[in-house]
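Since every read-out is calculated from the coordinates, none of them should be taken as a lab result. The shown structure was predicted, so the numbers you read here are calculated from the model rather than taken from an experiment. Using ideal geometry, Cβ is built from the backbone for each residue, glycine included, and neighbour counts are taken over all protein chains shown.
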Amino acid sequence: YGRDGHRIVCDLAYRHLTEDARSEVDRLIALDPQFDHFRDACSWADEVRGTTHRHTAPWHYVNQTREDPHIDPEDCAEDGCITQAIDLHAGIFADRARSDAERLEALKFLAHWMGDVHQPLHVSIEGDRGGNDIPVLWRGERFTNLHRVWDSEILLDHMSEEWPWAPEVQRWQYLADALDAEIPLGGVDVYARLDSIGWAQESHDIVRSREFAYYWARADQTIEPGEAYYQRSLRTSRDRLKQAGVRLAGLLNQLAGEREVAA
Ligand code: ADE
Ligand code: ZN
Ligand code: ZN
């Protein structure tokens, strides 16, 4: 996701943390001079992928061959992938024997991966860089690509249509409030098990579905998804943000709480 998507996922998650998990998250984030709130730390992984942490660039996604719709740990590239990164950083965050600095970094990565693994095009089919190579004329208005549509454009359009009077930099808060209001009371597993493969499979099933643009898209050929595509995608996007937020909360509750870590 772009900045707003990651911020929303972490803001939703924070609202559903247990007291134990919240105080641990707050304690670690307070050690980071760069960030005042957990939600602000959730795009950090994108900021460092091209600079201080180049080896993590392939960890933001996983790609399948066209013949293999089934996500397995073995589908990970040699340089790593998102499902492996989730497992790695969940393990480091949960390990109290590690230093605070290591656990803080793991928290920032884990929170970011939970957003990305729910963005369908971060679990896509090899050959077009997750849709980055599929040009899109979006809603007849602007040229972009399919990856950006799902990282940002759908959410930006939704926010500017729902809350046109709000300053652009604050719109994410309105969307986070609206999404949180749709999360049913008691409909959240307070503690969630680590299931990186299962979460990735859901994203992959979406990109393979008949309704998704992959069905008719070809690399380097501009597609023009219509209004029906926007409306459908918006529903899916909103659902994925809610799932990412709720699951991140459940996972952090599980890993930071006093319960046994069941990985
Ligand atoms: N680069 C290559 N594949 C990618 C993907 N699925 N998502 C984001 N960036 C990528
Ligand atoms: Zn992306
Ligand atoms: Zn990312």
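Points worth noting:
- Gyration tensor analysis over the Cα atoms of segment 3-256 returns equivalent ellipsoid semi-axes of 29, 22, 17 Å (largest first, whole Å).
- Taking a point 7 Å from the Cα of GLU74 along the Cα-to-Cβ direction, none of the residues of segment 201-215 has its backbone N closer than 16 Å to it.
- Residues in segment 226-256 reached by a label modelled at ASP205 [backbone nitrogen below 14 Å; 7 Å Cα→Cβ]: 240
- Once both labels are positioned 7 Å from their Cα atoms along Cα-to-Cβ, the gap between ASP195 and GLU182 label points is 2.0 nm.
- The listed peptides 162-174, 16-28, ordered by packing as a protection proxy, come out as 16-28, 162-174 (highest mean of other Cβ atoms within 10 Å first).
- Annotation: amide H of VAL136 within the under-5 Å range of THR144, ASN145, LEU146, ILE223, sequence separation 5 or more or interchain, hydrogens built in the peptide plane.
- Selected from LEU251, LEU88, LEU194 as most flexible by GNM, with the chain as the system and alpha-carbon contacts under 10 Å: LEU88
- Fraction of beta bridges assigned by DSSP in the chain that are antiparallel (%, nearest 5): 50
- The string of couplings for segment 149-163 from the Karplus curve (6.51, -1.76, 1.60, θ = phi - 60°) is 3, 7, 6, 9, 4, 4, 5, 4, 5, 4, 5, 6, 7, 7, 10 Hz, one whole number per residue in order, with x for Gly and Pro.
- Protection proxy ranking of 112-124, 34-46, by the mean of other Cβ atoms within 10 Å over each peptide's residues and highest first, is 112-124, 34-46.
- Evaluating 6.51 cos²θ - 1.76 cosθ + 1.60 at θ = phi - 60° for every residue in segment 113-130, the Karplus couplings come out as 4, 5, x, 4, 5, 8, 7, x, 6, 7, 10, 10, 9, 4, x, 10, 6, x Hz, glycine and proline recorded as x.
- Residue-averaged 222 nm ellipticity for the chain, from DSSP H runs of 4+ at -39500 (n - 2.57), nearest 500: -15500 deg cm²/dmol
- Ranked for footprinting exposure by Cβ neighbours inside 10 Å, fewest first, THR83, THR222, THR236 give THR222, THR236, THR83.
- Using a Förster distance of 22 Å, the FRET efficiency for SER160-GLU224 (Cβ separation, nearest 0.05): 0.60
- Segment 100-107 - phi-based ³J(HN,Hα) in whole Hz, Karplus 6.51/-1.76/1.60, Gly and Pro as x: 4, 4, 5, 6, 4, 4, 4, 4
- Ranked by how many other Cβ atoms sit within 10 Å of their own Cβ, fewest first, the residues LYS108, LYS242 fall in the order LYS242, LYS108.
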